[in-house]
1. Give me the net charge for the shell around ILE178: Cβ to Cβ below 13 angstrom, other residues only, Lys and Arg +1, Asp and Glu -1.
2. Among ARG172, ARG147, ARG27, rank each residue by its count of other Cβ atoms within 10 Å, from fewest to most, as a rough exposure measure.
3. Excluding residues on the same chain fewer than 8 positions from LYS137, give the lysines whose Cα lies under 20 Å from its Cα.
4. Between GLN107 and THR153, what is the label-point separation in nm under the 7 Å Cα-to-beta-carbon projection?
5. Excluding same-chain residues fewer than 8 positions from LYS102, which aspartates and glutamates have a Cα within less than 17 Å of its Cα?
6. Show the residues, 5+ positions off or on another chain, whose built amide H is closer than 5 Å to the amide H of GLN91.
Amino acid sequence: MFRLIIVAVFIFTPVLANAQTPGVDPRGLMIHSSTVIIGVVEEPWQRVIQPDRIPKGGAKVIAQADGTYIVELLPISRDFMVGYIYHVRVQEVLKGDQWVRKNQIIQIFVPDSLEGGASLATNQRFLLALARFEPKKEVFANTSVGRVGEPLTRPGVAFDLRARYYQVASDRNGAIAITDKNLKFIEEIKSAIRNGPYWFHRFSFRRGRILGFAGSPQIIR
């Protein structure tokens, strides 16, 4: 009888982005975004890959002198990683379009190659500034979607180009973890959204259209 020791040579997961970029005021970002919610990240979160770019050969098994075997798992590489899909349950809508409702689960896509991109920890609550994400067919047509942690060689499902996706506005600056440390700051953001003058929100909508944000903002009081 032999024993196996499984070794992950290199597994890439997004670094949690819990700090905003210097010089960017999230309060202004939240006001200018067409969709702002408070939500909790639920499982499963998924990875999107290009299966035809995965190196051939699979896992490598190395015999050891003591009779054990080391299995080196296939490394996750940005050569075939496209991004991640997070499932967020909406708990509160501060500003939203006609598709965002309380208790609804929305899908948020985060590109893998994005430097300083947002990473949303499971079961963590966030204040999120969102924009519509419209996947391009030529980029996602041959991709595969599977749960994070599953073998890369396990067949996934095709990326659903017809589904509705969002992205975090301004990368990690649009995601603020709801913690005791951030509560006062979050209340300031909610107050700014709630009490902003009408003309300011009209300007926000026009700017959002230019930036590609979808939908007319509806201020939830």
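What follows draws every value from the coordinates through simple rules; no lab data is involved. All figures in this text were calculated on a predicted structure; none of them were measured in a lab. FYI the Cβ positions are ideal-geometry reconstructions off the backbone, even for glycines, and counts take in every protein chain you see.
1. For residues surrounding ILE178, the net value is +1.
2. On the way: ARG172 23, ARG147 12, ARG27 15.
Fewest-to-most ranking of ARG172, ARG147, ARG27: ARG147, ARG27, ARG172.
3. none
4. The modelled label-to-label distance comes out at 2.7 nm.
5. GLU42, GLU92
6. ILE38, GLY39, VAL40, ASN103
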